[in-house]
Amino acid sequence: MTATNTPTPRVALVTGTSSGIGEAVVKKFCELGHQVLAVDFNPAGKAVAEAAGAAFFQADLTDADACHAAVDDAIKRFGGVDILVNNAGIQHVAPIEEFPEQKWRQIIDLMLTAPFLLTQAAWPSMREKGWGRIINVASVHAQVASPGKSAYISAKHGMIGLTKTAALEGGDQGITANAICPAYVKTPLVDNQIADQAKMHGMEEQEVIEKIMLKNAAVKRLIDPSEVAEMVAYLSSDLAGAVTGSSWNIDLGWTAQ
Ligand SMILES: NC(=O)c1ccc[n+]([C@@H]2O[C@H](COP(=O)([O-])OP(=O)(O)OC[C@H]3O[C@@H](n4cnc5c(N)ncnc54)[C@H](O)[C@@H]3O)[C@@H](O)[C@H]2O)c1
């Protein structure tokens, strides 16, 4: 099959869409002419989705039934799921000794178990069409660790394992699976960390960005969510049919050293 640059309209389910990377992906997919179901637990996501031209489904993805309900909703509205973008995520920073078990479980449920359940639920629809794209928004923290982020880093490392397994199982069914590994992206998730660290270290916010967040970066700036959305768009296109099981860094050169 010859792939072209003209995007084929698809049905996409994107999670974590009320802000940041998920919002940018929803916008990009709508621009490409895809039918999009935006899934988020924050009711504010409805207006964000509708402004882009997407449908919205409110779900707390730490709940297994809600994961199934989200996929069922996409199938009911649009007849299936061709593209699944597992993006919803949260962060909690504390040393292992003090890390609350409840936070650990919440992070693993949202950022590892939900992507598994959504993949499982969307799989039959992709298999029947002989075409599917799974894009897992992981992190530079899927490849390297930092202190204080044990649950996040464990979930993201696990996500790479899930991605590789899905790629192997989907290879003869037209289903590809890839992970994206960004360094710091300018989103509310990072804005909160900048504010917290500024307080913690008695620094200006700009100083936190330059001295802490961009210390390991070759390119000294934060990433824009739209830059991640472009990579998602490529990986979910016909053009990327030969790309599977891989992790795509968009990390300002963070992991080059
Ligand atoms: N911002 C970064 O620097 C960065 C870097 C690497 C990876 N990431 C990853 O990118 C993804 C998106 O993060 P972001 O930076 O855009 O953050 P964000 O806070 O802007 O977006 C996260 C979204 O997830 C949603 N969400 C949170 N808990 C949920 C739940 N229980 N059920 C459903 N939705 C829920 C939030 O409402 C929000 O819309 C995350 O997986 C994050 O780990 C972010």
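The values are calculated or read from the model by the stated rules, or taken from the named source; none is laboratory data. In this text the structure is predicted, and so the values were computed from the model without any measurement. Backbone-built Cβ (ideal geometry, glycine too); neighbour counts: all protein chains shown. Ligands, DNA and RNA are excluded from the accessible area calculation, which covers all protein heavy atoms including side chains. Shrake-Rupley method; radii C 1.70, N 1.55, O 1.52, S 1.80 Å.
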Inset, instruction - Could you please find all residues in the stretch 21-53 being away from the ligand (no atom under 13 Å from the Cβ), part of a helix (DSSP H, G or I) and in contact (Cβ under 8 Å) with a residue 60 or more places away in the chain? - result: Lys28, Phe29
Inset, instruction - Would you mind stating whether Glu205 is under 25 Å from Pro147 (Cα atoms), open to solvent by 30 Å² or more (accessible area, probe 1.4 Å), in contact with a helix residue (DSSP H, G or I) (Cβ under 6 Å, 6 or more places away or on another chain) and of a type in the set (Asp, Glu)? - result: yes
Inset, instruction - Would you tally the residues in the stretch 54-73 being touching a helix residue (DSSP H, G or I) at 6+ places or on another chain (Cβ under 8 Å), away from the ligand (no atom under 12 Å from the Cβ) and open to solvent by 50 Å² or more (accessible area, probe 1.4 Å)? - result: 2
Inset, instruction - Kindly provide the set of residues from the stretch 139-150 that are in a helix (DSSP H, G or I) and closer than 16 Å to Asn87 by Cα, ordered by number. - result: Val140, His141, Ala142
Legend entry - Residue count, the stretch 153-190 (criterion: surrounded by fewer than 21 Cβ atoms within 10 Å (Cβ to Cβ), basic (Lys, Arg) and either within 13 Å of the ligand (Cβ to nearest atom) or assigned to a loop (DSSP other than H, G, I, E, B) (or both)): 1
Inset, instruction - Would you check which residues across the stretch 78-97 are in contact with a strand residue (DSSP E or B) (Cβ under 6 Å, 6 or more places away or on another chain) and away from the ligand (no atom under 11 Å from the Cβ) and list them? - result: Phe78, Gly80, Val81, Asp82, Ile83, Leu84
Legend entry - Residue count, the stretch 191-239 (criterion: acidic (Asp, Glu) and outside any helix (DSSP H, G or I)): 2
Legend entry - Failed criterion for Ser150 (all others in (1) of a type in the set (Ser, Thr, Tyr); (2) over 20 Å from Asp251 (Cβ atoms); (3) open to solvent by 30 Å² or more (accessible area, probe 1.4 Å); (4) more than 18 Å from the chain's Cα centre (by Cα) hold): (3)
